[in-house]
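Below is one structure, written out as structure tokens; comments come after it.
Throughout, read-outs are computed from the coordinates displayed, never taken from laboratory work. The structure presented is a predicted model; accordingly, all values stated were derived computationally and were not measured. Reconstructed Cβ throughout: ideal geometry from the backbone, glycine too, with neighbour counts over all protein chains shown.
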Amino acid sequence: MSEQTTYIGMDLGTLKTSVVSSCGRRHVMDSAVGRPKDVIAQAMLRADVVWGDKIREHRRALEVIRPFAKATLKFVAADTAGLDDRSLENCQWAAEQLVRHAIESTNPPQDSLVWGVVGIPSRAGQISKQFIMDVVGRHLDKVLVIHEPFAVAYGMGALDQTLVIDIGAGTIDICPMYGTYTAEEDQQTILMGGDYIDDQIIAATRERFPSVEMSDFQARRIKERYGSLLESRIPAHVELIVDGGPQQIDLTDIVANACGSIVSPIVEGIMEVTNRFEAQLRRRLLENIVLAGGGSQLVGLEQAIEQGVSERSSGERNACSVTRVADCVFAGAAGALKLAMDMPREQWDRIPWGKSQRQAA
């Protein structure tokens, strides 16, 4: 009798990690790991590792590690990111904890084999791919890594004549779909995303108000509340600590400029990717652009991209059409799960990576 197999699709995001299983379970969590700073914090928290809301509640008692911040490890190599040995060790440890926690959250049957498909940035290098396979492969019996936007497209059934743009916290991936698995050289990864917008908000606010106190978390909340590329936007009147006391300040233009900073690079990337193809395919790709990832929720982004592409296409009206995925949280993980379940058994048998292979060796 053959062993039972549970399939998992996972999106290891810079900000959020989502996971979906063939058992019908799905879970999303912050891609952050909290570790007690000392024995006192550990005794108070009664835990070696802290997740989610508890991190925000007990932040001062924790060393908070975002292992994939600024796309580190899954796209940017440790030496390029400027990580020292201790920081690298912390990120590797946190990545291991995050993957284990994500898989355990799906509660796979105890005696089941667990096979999974995991998304990575489009142009991730071999070192980054190997790192993800190593980490995930210690917790899955078999693991396959695929490009994140391809996972989104596969889940939508949009495998031909579609341009998927996956806007995450650390990277923006541009992936043309043309009926088969997209070649890496036909894709583009832009090293910016939601974290970049947050950094722009913080930098511009501190330039205008040098004594302001603003954390990454506050900048993200401001962006999510007031971020818009439309002319008619909600004024961003925000209370922050300035000169040691609370003060209401107007960040409307700062937030708008920060959000708009990703539009031009996206448009440039679209033109660069689509110009590689013959005119008919290029036109169809531009007519069917799909935004995915958390950054796809930025109000007015579709219109801004359409306008930017139109301006780059000699002002041609209706040069492109941009829509968003229905579920920006689970689109990648759900697509990865669909691929995992659709793959024939003989193809899985040829995958030489996962804990089953190491145990056999």
Relative exposure of Met192, Met10, judged by other C-beta atoms within 10 Å (fewest first):
Met192, Met10
Under 15 Å between C-alpha atoms, the lysine pairs in the chain lying 8 or more places apart or on different chains count 6
As a footprinting exposure proxy, order Arg221, Arg60 by other Cβ within 10 Å, with the fewest listed first.
Arg60, Arg221
Relative contact order of region 1-61, defined on C-alpha pairs under 8 angstrom at six or more residues apart (%)
22 percent
Would you please give the FRET efficiency between Arg206 and Glu184, computed as 1/(1 + (r/R0)^6) with r the Cβ-Cβ distance and R0 = 45 Å, to the nearest 0.05?
0.70
How large is ³J(HN,Hα), in whole Hz, for each residue of region 4-21 in order, when computed from phi with the Karplus curve 6.51 cos²θ - 1.76 cosθ + 1.60 and θ = phi - 60°, using x for Gly and Pro?
5, 10, 9, 9, 9, x, 9, 10, 7, x, 4, 9, 10, 10, 10, 9, 9, 10
Taking a label point 7 Å from the Cα of Glu224 along the Cα→Cβ vector, which residues of region 18-43 have an amide N closer than 19 Å to it?
18-19, 27-34
In the chain, helical segments from DSSP H whose Cα atoms cover 24 Å or more along their own axis and that average at least 0.0 on the Kyte-Doolittle scale are none
Residues whose built amide H sits under 5 Å from the amide H of Gly293, excluding neighbours closer than 5 in sequence, are Ile167
Given H placed on each backbone N at 1.01 Å, which residues far from Gln161 in sequence or on other chains put an amide H within less than 5 Å of it?
Met177, Tyr178, Gly179
Using a simple spin-label model with points 7 Å from Cα along the Cα→Cβ vector, what separation in nm is obtained for Gln161 and Arg283?
1.1 nm
Given R₀ = 35 Å, FRET efficiency for Asp84-Gln4 by Cβ-Cβ distance, to 0.05?
0.20
Mind ranking 25-38, 154-167 by how tightly packed they are, going by the mean number of other C-beta atoms within 10 angstrom, highest first?
154-167, 25-38
Order of Glu311, Glu278, Glu96 under a 10 Å beta carbon neighbour criterion, fewest first:
Glu278, Glu311, Glu96
Rg/Rh for the chain: what does it come to with C-alpha atoms and Rh from Kirkwood?
0.99
Quick one: divide the alpha-carbon radius of gyration of region 1-72 by 2.2 N^0.38 Å and tell me what you get.
1.41
Multiply the residue separation of Ala326 and Gln248 by 0.36 nm, subtract the distance between their alpha-carbon atoms, and state the gained length in nm to one decimal.
24.5 nm
In terms of modelled amide H atoms, which long-range or inter-chain residues lie less than 5 Å from the amide H of Val114?
Thr6, Asp141, Lys142
Please turn the phi angles of region 166-173 into ³J(HN,Hα) values with the Karplus equation 6.51 cos²θ - 1.76 cosθ + 1.60 (θ = phi - 60°), one per residue in order, whole Hz, x for glycine and proline.
9, 9, x, 6, x, 9, 10, 9
Taking the Cα centre of the chain as the origin and placing charges on Cβ (Lys, Arg +1; Asp, Glu -1), which of Ser22, Ile289, Val299 is farthest toward the positive end of the dipole?
Ser22
